[in-house]
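One structure below.
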Amino acid sequence: MYPRPFHYHRAASLKEAATMLSELGEEARPLAGGQSLIPLMKLRLASPQHLVDLNFIPRCSYIKEENGTLRFGALTRHAEIENSDLAARIPILHDCAAGIADVQVRNRGTIGGSVAEADPSGDWAVALTTLSTEIRCVGKNGERSLSLAGFVTDAYTTALAQDELVSEISVKIPPKGSGGAYLAFKRAAPVYATASAAVQLTLEGEVCKDVAIALGCVGLMPIKVKEAEAALRGQVINEKTLATATEAVRTAADPQSDMRGSVEYKRTLVAALVRRAIQVAMRRGRGEQVEVGPIYA
Ligand SMILES: Cc1cc2nc3c(=O)[nH]c(=O)nc-3n(C[C@H](O)[C@H](O)[C@H](O)COP(=O)(O)OP(=O)(O)OC[C@H]3O[C@@H](n4cnc5c(N)ncnc54)[C@H](O)[C@@H]3O)c2cc1C
């Protein structure tokens, strides 16, 4: 189906885009990679009267390292992150970027568009939840920074004002001895995951010094499983502590039954994904190179 007619506007800077959004009002939406917005418009589930295109704004697509932080311009494509040696310094980011849909979607879709969309099945917010992540936003009157937890407020809902844009996503590089993994279980490449798990942990010898665990597609927003983290933090990770952590994951997951599986199936699935992700994260934390990708049904 064709989208309803709309007016197309091209912004030359993020500030100009914010001003345009403010002047055009509620019926205007920013356009990044178009990989969520355009399909919604074609299905007529969204019918904005104005699109403000961000794609021609210079210097909005970059990956930089500064003072122990990786900074991603909002317009950075999933594929650029997948292929970036800098981003590979945080392997969980590479896992996430490389597993999103197919090459076509990864070549167009952007990290900024993904976090702004706040799709409960999206991958980025889940992986980024396990890291120290800040979202930089720009409006016509200035800029502000929000933690990811403060940015995503509900399914498809963020703290962004109607005329505010994501300009940058920044992530602290985890300390030495830290390893992470993002695993998604999918029916096929170009579909969203049935469930996903992100784990970032820091080992000190055999002891898990710190850990962050997040679940995707099993709730309205990424679920950070504090009980599972508490079961591992300060402990040796063994069958006993893993069992306690994965039981906490089963309890915390809040999935819907749908064509991808029942509630019970998804709880079991996401607990198994967390277990595997912990094992990969531990190996990476010890310095091993471990390749992982989406697991297909
Ligand atoms: C076939 C298919 C399969 C997919 N599978 C997956 C998948 O497995 N996992 C996954 O995570 N995603 C998947 N996606 C979605 C894809 O990752 C999109 O790239 C992403 O959701 C949105 O990014 P975008 O740049 O395309 O944003 P757009 O579609 O352009 O915009 C999305 C929303 O964010 C707003 N927006 C965009 N940029 C900004 C900004 N800088 N500031 C404020 N608001 C902004 C737009 O107004 C719109 O509301 C899939 C898409 C398709 C078409």
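Rounded to the nearest 20 Debye, what is the dipole magnitude of segment 176-252 about its Cα centre when Lys and Arg each give +1 and Asp and Glu each give -1 at the C-beta?
My answer is approximately 260 debye.
At 222 nm, what value in deg cm²/dmol follows for the chain if DSSP H runs of at least 4 each add -39500 (n - 2.57) and the sum is divided by all its residues, to the nearest 500?
That calculation yields -9500 deg cm²/dmol at 222 nm.
Considering the dipole of the chain built from charges on the beta carbon (Lys and Arg +1, Asp and Glu -1) around the Cα centre, which of Ser170, Thr157, Ala253 is farthest to its positive end?
Ala253
To the nearest 20 Debye, how big is the dipole of the chain about its Cα centre, given +1 on the beta carbon of each Lys and Arg and -1 on that of each Asp and Glu?
Roughly 380 debye, rounded to the nearest 20.
Can you pull the accessible area of Leu148 for me, 1.4 Å probe, Å² to the nearest 10?
Here the residue's solvent-accessible area equals roughly 10 Å².
If each residue of separation counts as 0.36 nm, what is the full-extension length gain between Tyr8 and Ala230 once their alpha-carbon separation is subtracted?
74.9 nm
Find out how many positive minus negative residues lie around Gly261, taking Lys and Arg as positive, Asp and Glu as negative, among other residues whose Cβ is under 15 Å from that of Gly261.
Combined, the nearby Lys, Arg, Asp and Glu give +3.
Which pairs in the list Lys15/Lys172; Lys42/Lys172; Lys42/Lys64; Lys64/Lys224; Lys176/Lys224 are over 30 Å apart, alpha-carbon to alpha-carbon?
Listed pairs above 30 Å: Lys42/Lys172; Lys42/Lys64.
Taking the Cα centroid of segment 10-25 and of segment 105-158, what is the distance between the two, rounded to the nearest whole Å?
19 Å
Taking the Cα atoms of the chain, what is the range of coordinates along each of the three principal axes, in descending order and whole Å?
Computed over the Cα atoms, the extents are 59, 45, 30 Å.
Report relative contact order for the chain in percent, whole number only (criteria: Cα-Cα under 8 Å, sequence separation at least 6).
Value for the chain: 16 percent.
Among 255-262, 191-198, 79-86, how do they line up by average Cβ neighbours within 10 Å per residue, starting with the highest?
Packing order, densest peptide first, comes out as 191-198, 79-86, 255-262.
For segment 258-297, what does the alpha-carbon gyration tensor say about shape, rounded, prolate or oblate, given a ≥ b ≥ c as the root eigenvalues, a/c under 1.5 as rounded, and a/b over b/c as prolate?
oblate
So how far apart, in nm, are the two label points at Glu27 and Glu247 if each is 7 Å from Cα heading toward Cβ?
Output for this residue pair reads 5.8 nm.
For Gln256 and Ile38, calculate 0.36 nm times their separation in residues minus their Cα-Cα distance, and state this gained length in nm to one decimal.
75.9 nm
Rank by packing, highest mean first: peptides 100-106, 154-160, with packing defined as the count of other Cβ atoms within 10 Å averaged across residues.
Most protected by this proxy first, the peptides run 100-106, 154-160.
State to the nearest 20 debye the size of the charge dipole of segment 1-97 about its Cα centre, where the only charges are +1 on K and R beta carbons and -1 on D and E beta carbons.
With only Lys, Arg, Asp and Glu charged at Cβ, the dipole is about 240 debye.
With label points built 7 Å along Cα→Cβ from the Cα atoms of Leu220 and Tyr62, find their separation and express it in nm.
3.8 nm
Taking a point 7 angstrom from the Cα of Tyr265 along the C-beta vector, which residues in segment 201-224 have backbone N less than 17 Å away?
217-219
How much accessible surface area, in Å² rounded to 10, belongs to the heavy atoms of Glu65 with a 1.4 Å probe?
Its heavy atoms expose roughly 80 Å² to the probe.
Looking at segment 120-266, I'd like the Rg to Rh ratio, where Rg is from alpha-carbon atoms and Rh is Kirkwood's inverse mean 1/r.
Here the Rg-to-Rh quotient is 1.01.
Within the set of other residues whose C-beta is less than 9 Å from the C-beta of Ala184, count the net charge using Lys and Arg as +1 and Asp and Glu as -1.
Value of the local net charge: -1.
With unit charges on the beta carbon (Lys/Arg positive, Asp/Glu negative), name the residue among Thr241, Leu31, Val218 whose Cα is farthest towards the positive pole of the charge dipole of the chain.
Highest projection toward the positive end goes to Thr241.
The values are calculated or read from the model by the stated rules, or taken from the named source; none is laboratory data. As the structure is a prediction and not an experimental result, all values here were calculated from the model. Please note: Cβ atoms are built from the backbone with ideal geometry, for glycine as well, and neighbour counts cover all protein chains shown. Heads up: the accessible areas ignore ligands, DNA and RNA and are worked out on the full protein's heavy atoms, side chains in. Shrake-Rupley method; radii C 1.70, N 1.55, O 1.52, S 1.80 Å.
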